[in-house]
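Notes for the one structure printed next.
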Amino acid sequence: MARPKVLVTHGLFEAARNLLEKNFETDYWTEHDHIPREELLKRVADKDALVCLLTEKVNEELLAVAPRLRIAATVSVGFDNLDVPACTRHKVAATNTPGVLDDTTADTAWLIMMAVARRLAEAEAWLRAGTWPGWDLDQLCGADIWGKTLGIVGFGRIGREMARRAKGFRMRTLYHDAVRVASEIESKFAAEFVSFDRLLLESDFITLHVPLLPTTRHLMNAQTLAKMKRSAFLVNTSRGPVVDEAALAEALKAGTIAGAALDVFEFEPNVSPELRALKNVVLTPHIGSASIETRTRMAVVAADNVVALFEGRRPPTILNPEVLSTKQAAQS
Ligand SMILES: NC(=O)c1ccc[n+]([C@@H]2O[C@H](COP(=O)([O-])OP(=O)(O)OC[C@H]3O[C@@H](n4cnc5c(N)ncnc54)[C@H](O)[C@@H]3O)[C@@H](O)[C@H]2O)c1
């Protein structure tokens, strides 16, 4: 019997490839650059499954040219690249990779938060330039993190990992989320639920961990930035459009806030030249989950979802279980 065909828009990692190759006829995009849209639409047309990256949009246009498609598995936890309602209309299972990247992404947020507070990029650039004159008392003094107030926006998997780290740094932790968590979880992470306004007004560091949704687009804008302390820092490892980048550049130039650490950008891969020119920002190229262990786990989760569907099992991290048969949907 012919094996189902899967299009994979990246070479993935061996562990994930092994899973797919046992079960599927595989077609990998292995060029260095991302698959061009036209090529994606052409290649997906006769496929039963798609494993894609957050840079590929699975929308009505793609679903319309892929009548055989049964699953679109993105190798990311953020799934703003998948039009889930459209997938549901086309009876295509949509899956993401939650839970396997929480620590690594929180580590990245912590890393860049400390880097901007302690002026790491500036300090390193000075040393590399060969012009450092030697130690001095008031040289490159930044801001402490320990003992300060951390404001976490979006208290889900990654947000909570930030709270866990904050305990070790003896910080006071505030959080805001669309949904208040149970008091046991608040106690476990020593985090206090506050209104968004209070979080903006009281935090020394604000870290964003919300998904990109219509309600979170430009959550940080000229008005919300203006409510932050002048000494406060903003950290964004969520999605670029959660922050109005032009308003942020203005706020940083005007001294409305002290600094920002950004791993994601509103118009990726473009980063506004204004931000790039500022010293009080740390910029990283969307490396939130970029450890070899975590990226491998993410690829395996995506492959596993595809394999599960075709074996008649429930894909472990399905976003739209309503497309499954009653029997498959009932599995936990
Ligand atoms: N930089 C990176 O490489 C990287 C890596 C991993 C995840 N991410 C991003 O981080 C996001 C969060 O991931 P997660 O696994 O913690 O997700 P999650 O679903 O566990 O948590 C998101 C939280 O945001 C809350 N939320 C939703 N809308 C809100 C609103 N309007 N106001 C306040 N809170 C709101 C939800 O209730 C939830 O608690 C992902 O969606 C992804 O976009 C980025």
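Summary table below
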read-out: Residue match in segment 246-257 (condition: of a type in the set (A, V, I, L, M, F, W, C) and within 16 Å of the ligand (Cβ to nearest atom)); value: no
read-out: Pairs where the first residue, in segment 248-264, is of a type in the set (D, E, K, R) and the second is open to solvent by 10 Å² or more (accessible area, probe 1.4 Å) and away from the ligand (no atom under 16 Å from the Cβ), C-beta under 8 Å, 6+ apart; value: 250/222; 250/256; 253/274; 253/278
read-out: Residue match in segment 223-236 (condition: touching a strand residue (DSSP E or B) at 6+ places or on another chain (Cβ under 8 Å), surrounded by fewer than 21 Cβ atoms within 10 Å (Cβ to Cβ) and more than 24 Å from residue 97 (Cα to Cα)); value: no
read-out: Residues of segment 142-155 satisfying the condition of being of a type outside the set (Phe, Trp, Tyr) and either within 12 Å of the ligand (Cβ to nearest atom) or open to solvent by 10 Å² or more (accessible area, probe 1.4 Å) (or both); value: 142, 143, 144, 147, 148, 149, 151, 152, 153, 154
read-out: Residues satisfying the stated conditions in segment 189-217, i.e. open to solvent by less than 60 Å² (accessible area, probe 1.4 Å) and in contact with a Pro (Cβ under 7 Å, 6 or more places away or on another chain); value: 212
read-out: Residue match in segment 86-99 (condition: touching a helix residue (DSSP H, G or I) at 6+ places or on another chain (Cβ under 7 Å) and closer than 26 Å to residue 193 by Cα); value: yes
read-out: Segment 9-48, residues that are touching a Lys or Arg at 6+ places or on another chain (Cβ under 8 Å) and under 16 Å from residue 97 (Cα atoms); value: 13
read-out: Condition broken by residue 231, with the remaining ones in (1) more than 24 Å from the chain's Cα centre (by Cα); (2) touching a residue at least 60 places away in the same chain (Cβ under 8 Å); (3) part of a helix (DSSP H, G or I) satisfied; value: (3)
read-out: Residues of segment 216-228 satisfying the condition of being in a loop (DSSP other than H, G, I, E, B), closer than 22 Å to residue 179 by Cβ and not charged (D, E, K, R); value: 216, 218, 219
read-out: Residues within segment 114-136 that are open to solvent by less than 80 Å² (accessible area, probe 1.4 Å), under 17 Å from residue 284 (Cβ atoms) and assigned to a loop (DSSP other than H, G, I, E, B), tallied; value: 1
read-out: In segment 85-113, the residues that are more than 16 Å from the ligand (Cβ to nearest atom), crowded, with 17+ Cβ neighbours inside 10 Å and part of a helix (DSSP H, G or I); value: 86, 87
read-out: Verdict on residue 179 being within 16 Å of the ligand (Cβ to nearest atom) and loosely packed, with under 13 Cβ neighbours inside 10 Å; value: yes
read-out: Given (1) at pLDDT 95 or above; (2) part of a helix (DSSP H, G or I), number of the condition residue 22 does not satisfy; value: (1)
read-out: Contacts under 7 angstrom Cβ, first residue in segment 8-33 being surrounded by 15 or more Cβ atoms within 10 Å (Cβ to Cβ), partner of a type in the set (S, T, N, Q), 6 or more apart; value: 8/26; 13/296; 20/26; 29/9
read-out: Pair list, Cβ under 7 Å, 6 or more apart: segment 156-171 residue open to solvent by 40 Å² or more (accessible area, probe 1.4 Å), other residue assigned to a helix (DSSP H, G or I) and away from the ligand (no atom under 12 Å from the Cβ); value: 165/110
read-out: Selected residue (only one of 213, 199 is within 12 Å of the ligand (Cβ to nearest atom), part of a loop (DSSP other than H, G, I, E, B) and closer than 20 Å to residue 236 by Cβ); value: 213
read-out: Test: residue in segment 239-250 that is more than 16 Å from the chain's Cα centre (by Cα), β-branched (Val, Ile, Thr) and crowded, with 18+ Cβ neighbours inside 10 Å; value: no
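The values are calculated or read from the model by the stated rules, or taken from the named source; none is laboratory data. Computed from a prediction, not measured in an experiment: that's the story for all the values here. When we count neighbours, we look across all protein chains shown, and the Cβ atoms used for this are built from the backbone with ideal geometry, even at glycine. Surface areas here come from the heavy atoms of the whole protein model, side chains and all, with no ligands, DNA or RNA. Shrake-Rupley method; radii C 1.70, N 1.55, O 1.52, S 1.80 Å.
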